[in-house]
1. His429: accessible area at probe 1.4 Å, nearest 10 Å²?
2. Over the chain, how many percent of alpha carbon pairs lie in each 10 Å bin up to the one with the longest distance?
3. Given a cut-off of under 8 Å on Cα pairs at least six residues apart, what relative contact order in percent is computed for the chain?
4. Over segment 70-207, what percent of the accessible surface lies on carbon and sulfur atoms, probe 1.4 Å?
5. So, with a 1.4 angstrom probe, what is the percent of accessible area on segment 323-449 that is carbon and sulfur?
6. Please state the shape class of segment 294-349: rounded when a/c is under 1.5, otherwise prolate if a/b exceeds b/c and oblate if not, all from the C-alpha gyration tensor.
7. Write down, largest first, the equivalent ellipsoid semi-axes of segment 117-163 in whole Å, where each equals the square root of 5 times an eigenvalue of the alpha-carbon gyration tensor.
8. What translational diffusion coefficient, in µm²/s and rounded to a whole number, does the Stokes-Einstein relation yield for segment 309-389 at 37 °C and a viscosity of 0.692 mPa s, taking the hydrodynamic radius as the Kirkwood radius over Cα pairs?
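The values are calculated or read from the model by the stated rules, or taken from the named source; none is laboratory data. These numbers come from a predicted model, not from an experiment. No Cβ is skipped: glycine too gets one built from the backbone with ideal geometry, and neighbour counts run over all protein chains shown. Accessible surface areas use protein heavy atoms only, side chains included; no ligands, DNA or RNA. Shrake-Rupley method; radii C 1.70, N 1.55, O 1.52, S 1.80 Å.
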Amino acid sequence: MFEFRRELKRFFQAESLKEGLVGGDPSLLELLELELLIHEARAADVAASRIGADDRPTRQLEAAVIWREIARRTGDAVALRKSASAAELAGAGFGRDQRPQAWARARCEQAAAAVLGAELFGDDGLNAAADVAFDEAQSTTQQGLAVPAAALGRALIEARTVLSTAGRAMALDIAARFDAPADALDVYGKKHPVGRLMAAQARIDRADVLAACGLRLKDPHLLRMAMDGVNQVLSRLDRDYEPLSWARAMTLRAGARAALCDLEGDVGVIAKVVDDLVNVLEHVSRDHSPMDWARAQMALAGALQMLAEVGDSTPAFDQALKCLERALIVFDSQPALLERANALYRHASCLLRRAELTGNVDALDEAEAALRAELVSLNPSADPVGWAVRQLNFARLYQAREDLTGPNRESRRAAAVALSAALDVFGEHGLRSLSDVALRGLERLKEPT
């Protein structure tokens, strides 16, 4: 597969990039490595801005799709803004009354950029704006690609809104809202290849909702439903021609399978999870899609840590830490990413967990030294979330030290200060999961020693 991509790069020289490689077909974008994708986006911008351009709004919409794909692969806010701007210009060019289907498609693309921004950076206001845009698209036309795209977008926004509180019944109800639009995209995909990939992503999103609720509720039934949904997607994907959709589905299935194994204690499954994730990392490189590669590294770290805890294996802990460090190379390039905060927390947690399981104060000292080195190199005003995550990790460290060496009033006081400071920052930035971790830590400190 990598040889095939190198052939693509040699075949399409810079001169041909002026007109673009995919000819306006978004289904081909997955084949392009990031470098070629950026060239494609620039070529689309040139085509849209050329004097006398044929159907300028369509060229602008094509550019919006490509810039959003770049943002999805890199977490780059600049690329995301370019996508939203190009979609807005396309909508203005189409006109709601003159070309309603095309206008609705552009409005959906603008909303999709906002949904991606909310996912990457945790801005709930972007979800609200996207919901308005999807609603406008739905009210404008009852035909074309915009109809299922808008329905799926609104279902995804609702799912993310209630994800932290939904029970099994609500999770199933929300998941069902993905079914009809995904089926409509299957029909659309018989004539337009992009419909197949959109249907696959819709079913991946559906499975992600079920897996997230299953993990939070510790519900094996929801986790199995998520895995069944992903298996359905994988049966329709060709990893050589749809490598990123395949990688996302594989990574999601591995996460759901690991969560199910954790609930049911089937340790043998974890080795299969590790094999699947190694397969993903062998097939999708960091140069192709940094974010997908980093997410697979995060998932692999989680599986390796499970193996380490079951087998009391320090080498497995070390491998998990290396995976998290590789993921942070990507996430550190975009400090505002929500996933960066999660990776920082998990890296420190892995260090501390290794010390806790071994009962080794020296390992705890090593973790503390690493945290202090990170904190010294950090500018809190430039990276408040990173600073808060490290405060959270310090609180965890103080509590782990107390568990190993006995109650210590000074350690408890220091942990309470660190958790309170972290909670303030997480609240300001809308980081609900980390806020919950900080709150649980404060509650634990109230328990009698």
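1. Using a 1.4 Å probe on the heavy atoms, I get roughly 70 Å².
2. P(r) for the chain, in whole percents per bin: 4, 19, 30, 26, 14, 6, 2, 0.
3. About 9 percent, as a whole number.
4. 54 percent
5. Working: 3180 of 6150 Å².
C and S atoms contribute 52 percent here.
6. prolate
7. Working from the Cα gyration tensor, I get semi-axes of 21, 10, 8 Å.
8. Details: Rh = 13.4 Å.
Taking Rh from Cα pairs, D becomes 245 µm²/s.
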